[in-house]
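Undergrad: For reference, the structure I am asking about is given below.
The values are calculated or read from the model by the stated rules, or taken from the named source; none is laboratory data. Everything quoted here is computed from the prediction, not taken from an experiment. FYI the Cβ positions are ideal-geometry reconstructions off the backbone, even for glycines, and counts take in every protein chain you see.
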């Protein structure tokens, strides 16, 4: 029987001193499921995912209402490092996330911060270097990588601690066809391995393979369900700016 990796009930949120951005958000994500969150710019997609991984309210303050459970734990009730063990988030701009001067060190960084034994760090880093095709680039400066390779590196780095949930904010943004192919393959691998994957995307034509879509309009749920149940409502999809005929 599938259990929920994420459960959100009547979530509301407002940044400090601002009007509410999220209002009455409710949805769930089963373990091993792929969910795509879509909507126009400013609809609250990234804010929602920052709440799921604990960035809000630990690093970014605001007023939260409702209930959020990620792997059975409220992200606001545990520290950011503890949240990172459950949820790894890959930002839209990889340059904002990469901090080390070699590919190998970038993947090892999170493990070192959790004081993982060196022999285990070596094993996990070598596995990820092989899985993501970085074996010959382990000592390369990430600044010299292509955009697609940088995106792959950020994915590998957040997966080093083996979080059961992976969140990606517009992972195809700015990538050429080869980069998109590499990132798509990496995401599909995580899905096959049973990891829960949540993707923020603006173009649902690239997200038909998801198990469910969560569409946001002005901070509220416009639609939630299987793509086959939503895709025929082209008027709504065009209104939300997530489908171009």
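Undergrad: If the Cβ limit is 9 Å and pairs must be 6+ apart or interchain, which residue in the stretch 158-186 that is under 19 Å from residue 29 (Cα atoms) pairs with which residue that is modelled with pLDDT under 85?
TA: Taking only residues 6 or more apart or on different chains, the pairs are 170/202.
Undergrad: Next question. Inspect the stretch 148-157 for any residue being at pLDDT 95 or above, buried (at least 16 other Cβ atoms within 10 Å of the Cβ), within 26 Å of residue 240 (Cα to Cα) and within 17 Å of the chain's Cα centre (by Cα) and give the result as yes or no.
TA: The answer is no; no qualifying residue exists.
Undergrad: Within the stretch 127-138, identify whether any single residue is part of a loop (DSSP other than H, G, I, E, B) and within 17 Å of residue 88 (Cβ to Cβ), and answer yes or no. If you could, list the steps in order and put the result at the bottom.
TA: Step one: filter the stretch 127-138 for residues part of a loop (DSSP other than H, G, I, E, B), giving 132-134, 138.
When the remaining residues are screened for being within 17 Å of residue 88 (Cβ to Cβ), the result is 132.
Yes: the stretch 127-138 contains one or more residues that are part of a loop (DSSP other than H, G, I, E, B) and within 17 Å of residue 88 (Cβ to Cβ).
Undergrad: Checking residue 95 against (1) surrounded by fewer than 21 Cβ atoms within 10 Å (Cβ to Cβ); (2) in contact (Cβ under 8 Å) with a residue 60 or more places away in the chain: exactly one of these is not met. Which one?
TA: Here residue 95 clears every test but (2).
Undergrad: I've got another one for you. Just to be sure, is residue 120 at pLDDT 95 or above, under 23 Å from the mean Cα position of the chain (by Cα), assigned to a helix (DSSP H, G or I) and over 22 Å from residue 197 (Cα atoms)? Before the answer, list the steps.
TA: Details: at pLDDT 95 or above: yes; under 23 Å from the mean Cα position of the chain (by Cα): no; assigned to a helix (DSSP H, G or I): yes; over 22 Å from residue 197 (Cα atoms): yes.
It is false that residue 120 is at pLDDT 95 or above, under 23 Å from the mean Cα position of the chain (by Cα), assigned to a helix (DSSP H, G or I) and over 22 Å from residue 197 (Cα atoms).
Undergrad: Where in the stretch 16-91 are there strands (runs of 3 or more DSSP E), lying wholly inside it, with at least 2 residues that are in contact with a helix residue (DSSP H, G or I) (Cβ under 9 Å, 6 or more places away or on another chain) and more than 19 Å from residue 194 (Cβ to Cβ)?
TA: Details: elements: 22-30, 34-39, 62-70, 87-90.
Counting at least 2 such residues, we get 22-30, 34-39, 62-70.
Rundown of residues vs (1) at pLDDT 90 or above; (2) over 14 Å from the mean Cα position of the chain (by Cα); (3) buried (at least 16 other Cβ atoms within 10 Å of the Cβ), yes/no style:
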| position | (1), (2), (3) |
| --- | --- |
| 175 | no, yes, yes |
| 196 | yes, no, yes |
| 205 | no, yes, no |
| 208 | no, yes, no |
| 212 | yes, yes, yes |
| 222 | yes, yes, yes |
| 225 | yes, yes, no |
| 230 | yes, yes, yes |
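Undergrad: For residue 104, which of the numbered conditions (1) in a helix (DSSP H, G or I); (2) more than 20 Å from residue 162 (Cβ to Cβ) fails to hold?
TA: Among (1) in a helix (DSSP H, G or I); (2) more than 20 Å from residue 162 (Cβ to Cβ), residue 104 violates only (2).
Undergrad: Going through the stretch 64-82 one residue at a time, which ones are over 28 Å from residue 116 (Cβ atoms) and either without any contact (Cβ under 8 Å) to a residue 24 or more places away in the chain or exposed (fewer than 13 other Cβ atoms within 10 Å of the Cβ) (or both)?
TA: If the condition is that a residue be over 28 Å from residue 116 (Cβ atoms) and either without any contact (Cβ under 8 Å) to a residue 24 or more places away in the chain or exposed (fewer than 13 other Cβ atoms within 10 Å of the Cβ) (or both), then 67 is the only one that fits.
Undergrad: Kindly list, by first and then second residue, each pair from a residue in the stretch 140-156 that is in contact (Cβ under 8 Å) with a residue 60 or more places away in the chain to a residue that is buried (at least 24 other Cβ atoms within 10 Å of the Cβ) and in a loop (DSSP other than H, G, I, E, B), limited to pairs with Cβ atoms under 7 Å and residues at least 6 apart or on different chains.
TA: Partner pairs satisfying both residue conditions: 151/171.
Undergrad: Looking at this structure, is residue 19 out of contact with any strand residue (DSSP E or B) (no Cβ under 8 Å at 6 or more places or on another chain) and either on the phi > 0 side of the Ramachandran plot or free of Cβ contacts under 8 Å to residues at least 40 places away in the same chain (or both)?
TA: Values: out of contact with any strand residue (DSSP E or B) (no Cβ under 8 Å at 6 or more places or on another chain): yes; either on the phi > 0 side of the Ramachandran plot or free of Cβ contacts under 8 Å to residues at least 40 places away in the same chain (or both): yes.
For residue 19, the condition - out of contact with any strand residue (DSSP E or B) (no Cβ under 8 Å at 6 or more places or on another chain) and either on the phi > 0 side of the Ramachandran plot or free of Cβ contacts under 8 Å to residues at least 40 places away in the same chain (or both) - is met.
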